[in-house]
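What follows draws every value from the coordinates through simple rules; no lab data is involved. If you're wondering where the values come from, they're calculated on a predicted model, not measured in any experiment. We place every Cβ from the backbone using ideal geometry, glycine too, and count neighbours over all the protein chains shown.
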Amino acid sequence: MARYYTKEHEWLDVTGDVATVGITDHAQEQLGDVVFVELPKAGTTVAKGAEVAVVESVKAASDIYAPASGKVVEANTALEDTPAGVNEDAEGAAWFFKLELSDKSELDGLMDADAYAAFLETIA
Amino acid sequence: MPDPQTTPLDALHRELGARMVDFAGWSMPVQYPTGILKEHVWTRTRASLFDVSHMGQIRMPGADAAAAIESLVPADIQALKPGRARYTQFTTLDGGIIDDLIVTATDDGLYLVVNAGGRDTDLAHLREHLPGREIELLADRALLALQGPAAVNVLARLAPEVAGLRFMSSIELEAAGLELRISRLGYTGEDGFEVSVAAGHAVELARTLLAAEEVQPAGLGARDSLRLEAGLCLYGHDIDRTTSPIEADLAWTVQKRRRAEGGFPGAERILAELRDGPARRLVGIRPEGRAPAREGAAILDGSGQAIGKVTSGGFGPTVDGPVAMGYVAGAAAEPGTPLQLEVRGRKLPARVEALPFVPHRYHR
């Protein structure tokens, strides 16, 4: 399994053709208290960069963009009842959805953990 | 854009780990490390300290100041005894709202508190329409709000007199060696105080208040969710130059004598709306699900017809669900009226709900 990160502060764990997608710890910290998560339905086809989910804090709504193209095969519906889980375990139990990748070459442009850490330094 | 102005508590906010944002030309704390949700709940259960020094404090001395300002606002200011305060609005000639403010009668005239975003406009407005009158921006004063059920006990340790103050009352006193103006009012729906203090002593006062175990700092984020649950208008969002006080459900701020006499800008429209009812009205709205509807979301009636827009909306931590305010056609303003809110292309069921969402707990 390989973990990738995007500049939009998402993470992807890729096993075979399926990527588990969530937002990074940095993202949840910036958002603050998460009070609502809207997830895509299983079966939805998304293009890389398309709005695929919404996460809302007390203050504002933020769009989550598909980090790669593919078909949503599962959504973490537990987050709909316990959105605060995103603040507790953003890079683990609070994953958003699983995506069956249609073009794994799209992963080439993404960052690994070290590159993402360096990226966070540049925007700090 | 010029650099934002900073309040006398700027360094303290940073020391406390606040996340700072630009707000109306000021660098202000939006939240501290505990986060908006906890700050909100703490305010409703204990007491929170808010820096509201960005708001404009204005002194208007003169025995006839009350009569003079009545030419610009629809409230009965002359009826205020020294030490009493009223919420009112500067109105436009066609009955819109230039800004909303608190007017306090003092021993030597009036003390006004206006919004940060309105202070320059308001000062120009006052000086233009009340020429020759002394109108002084108290730029060397900070303003701290201590809000929540424990606020009175905390403040009474410094100044026992505050325990006897009623809601919308104000006194000048000396406490802990500082000259303070303390007013029992606020923007959270809770009991609480706003304390005007010399800028040079603001940090000292803030540290003294924060040292109390009941007190935590809170930022603009919690201030916004608290005022929304309390059904209090935010200028530039729920009210502006296009909305009248009557549309905004602020008829209670136009007292009997002013209704009879008029004599304020926009009286024609405002008195007509008082008589006939406004065409639209600001109401509380409860979305039925968990999804918040934000400012700008379209409001549809039961048949799907667009009848207005959400002017404030978000998550209410005490309500534990989404809450909103917005304008609807007069016929749809009754509590219980079913509505739909358009959020990200979907129509979410909602209902008109009587404001406030969380009962006010003022010390009357």
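What spacing in nm lies between the two simple spin-label points modelled at A:Ala42 and B:Arg351, each 7 Å away from Cα in the Cβ direction?
3.3 nm
Loop by DSSP (not H, G, I, E, B), at most 14 other beta-carbon atoms within 10 Å: where is the longest site-free stretch of chain A for trypsin sites (Lys or Arg not before Pro)? Show your work: numbers first, answer last.
Working: sites that count: A:Lys7, A:Lys41.
That gives A:42-124 as the longest site-free run.
Hey, how many Å between the Cα centroid of region B:208-241 and the Cα centroid of region B:313-364?
18 Å
Taking the Cα centre of region B:104-243 as origin, work out the dipole magnitude from +1 charges on Lys and Arg Cβ and -1 charges on Asp and Glu Cβ, in debye rounded to 20. Before the final figure, lay out the partial values.
Numbers: 12 positive and 22 negative charges, 33 e Å.
Value, rounded to 20: 160 debye.
Quantify how strongly other chains surround peptide A:33-40 by giving the mean number of their Cβ atoms within 10 Å of each of its Cβ atoms.
Values: counts 11, 2, 12, 7, 2, 5, 0, 0.
The per-residue average across the peptide is 5.
Taking θ as phi - 60°, what are the ³J(HN,Hα) couplings along region B:86-96 by the Karplus curve (6.51, -1.76, 1.60), each to the nearest whole Hz, with x for Gly and Pro?
9, 8, 8, 9, 7, 9, 8, 4, 9, x, x
Using unit Cβ charges (K, R positive; D, E negative) and no other charged atoms, how large, in debye to the nearest 20, is the dipole of the protein assembly as shown about its Cα centre? Could you put the intermediate results ahead of the total?
Values: 47 positive and 71 negative charges, 338 e Å.
About 1620 debye.
Label-point separation (nm) for B:Glu213 and B:Thr6, each offset 7 Å from Cα along Cα-to-Cβ?
Those two pseudo-labels are separated by 3.4 nm.
Spin-label point model (7 Å from Cα, Cβ direction): what's the B:Ala67 to B:Leu173 distance in nm?
Those two pseudo-labels are separated by 3.3 nm.
Given R₀ = 25 Å, FRET efficiency for B:Ala24-B:His129 by Cβ-Cβ distance, to 0.05?
On the way: r = 23 Å, r/R0 = 0.92.
Using R0 = 25 Å, I get an efficiency of 0.65.
Which loop GluC sites (Glu not before Pro) in region B:233-307, with loop taken from DSSP, have no more than 16 other Cβ atoms within 10 angstrom of their Cβ? Mind dumping the intermediate values first?
Working: sites: B:Glu247, B:Glu261, B:Glu268, B:Glu273, B:Glu288, B:Glu295; in loops: B:Glu247, B:Glu288, B:Glu295.
Sparse-neighbourhood loop GluC sites (Glu not before Pro): B:Glu288, B:Glu295.
Calculate one ³J(HN,Hα) per residue across region B:31-41 by plugging θ = phi - 60° into the Karplus curve 6.51 cos²θ - 1.76 cosθ + 1.60, and present them in order as whole Hz with x for glycine and proline.
Per residue, the Karplus-derived 3J(HN,Hα) values read 6, 9, x, 5, x, 4, 4, 5, 5, 4, 5 Hz.
Among A:Ala90, A:Ala50, A:Ala68, which one shows the biggest mean-square fluctuation in a GNM of chain A, springs joining Cα atoms closer than 10 Å?
A:Ala50
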